[in-house]
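The values are calculated or read from the model by the stated rules, or taken from the named source; none is laboratory data. It should be emphasised that the depicted structure is a prediction, and the values quoted were computed from it without experimental measurement. Cβ: placed from backbone, ideal geometry, glycine included. Neighbour counts: every protein chain shown. With ligands, DNA and RNA removed, areas are computed over all heavy atoms of the protein, side chains included. Shrake-Rupley method; radii C 1.70, N 1.55, O 1.52, S 1.80 Å.
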Amino acid sequence: MYNILLVDYSRRLCRELQHLLQHNKSDYTIGDCVFDSAAALTAMSKQDFTVVVIHTERYDTAGLWLCHHIRKISEIPILLMGGRDHFKLVRKALIYQVNDYLPSPLSRSALLCSLHELRTKLEPEPMKKTASLTPPIQIKGKAMDSNHVIRIVKAYVRDHLSDEITLKKISDMLHFNCAYLGQKFKLEEKMSFNDYMLQQRMEKAKQLLLSTDLRIYEIAVGVGYKDIDWFYKKFKAYTGSSPNAYRRQKIHTA
């Protein structure tokens, strides 16, 4: 059983999260729930935890301050949730080596998925590699695992599918060389950044076609395509059918 320290600045998530974990028969349990940064550091000095989950909501500064001070004393995995200015929060969190970031409003499935992925980091590896094949990325003089950086890039893509996204824009925000970040992304994900972005947009479009009554042009705009003809072309190349045909086929076979 994995022991969570929940830092809930909003004072409303503890019961909901415990119910979610129990309902899904998760290997995680909330060992302690505190409501401010000082109490969190005190709890960590008195009890062993395997993960720190920080729900910032409207308390971005306090949450980032806590991440900073946790990293001074521990390498414990940190899951940061919420925040008003998502990407500024993510960029700061990256510096403090936060393991994952989930934006507000919080998705239950995303939270469970994130905790599940953290398990692979918590479980002992059968054999440690003697040397890393991919050197860490340097941000403001601090070494960051490339895997961690790529998770932040992917989070940005997922949260901004309707926006005009380019790797250059993300690179500039993170103060990275664009070509270097692109190489790291392809090495980690086994696909290019553009292919990943296309995949995320098409999968979101498929989901919207099946779960909503939105018009095709509304879905296209919602996943980042202002040119509807270009969306039709990309969707058909990705799925083998037009958006309208995809919606009809799935409804008839459901």
Problem - The lone exception for ILE228 - which of (1) open to solvent by less than 70 Å² (accessible area, probe 1.4 Å); (2) touching a residue at least 40 places away in the same chain (Cβ under 8 Å) it fails - result: (2)
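Is it true that PHE176 is of a type outside the set (A, V, I, L, M), surrounded by 13 or more Cβ atoms within 10 Å (Cβ to Cβ) and assigned to a loop (DSSP other than H, G, I, E, B)?
It is true that PHE176 is of a type outside the set (A, V, I, L, M), surrounded by 13 or more Cβ atoms within 10 Å (Cβ to Cβ) and assigned to a loop (DSSP other than H, G, I, E, B).
Please list, ordered by residue number, the helices (runs of 4 or more DSSP H) wholly in the range 186-254 having 3 or more residues that are within 24 Å of the chain's Cα centre (by Cα).
Numbers: elements: 193-211, 216-222, 228-239, 243-253.
Here the list reads 193-211, 216-222.
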Completion exercise
Selection from the range 135-173 of residues at pLDDT 85 or above and outside any helix (DSSP H, G or I) yields HIS160, LEU161, SER162, ASP163, GLU164, ILE165, THR166
Exercise for the section: Kindly establish whether GLU164 is in contact (Cβ under 8 Å) with a residue 60 or more places away in the chain, open to solvent by 20 Å² or more (accessible area, probe 1.4 Å) and on the phi < 0 side of the Ramachandran plot. Expected result: yes
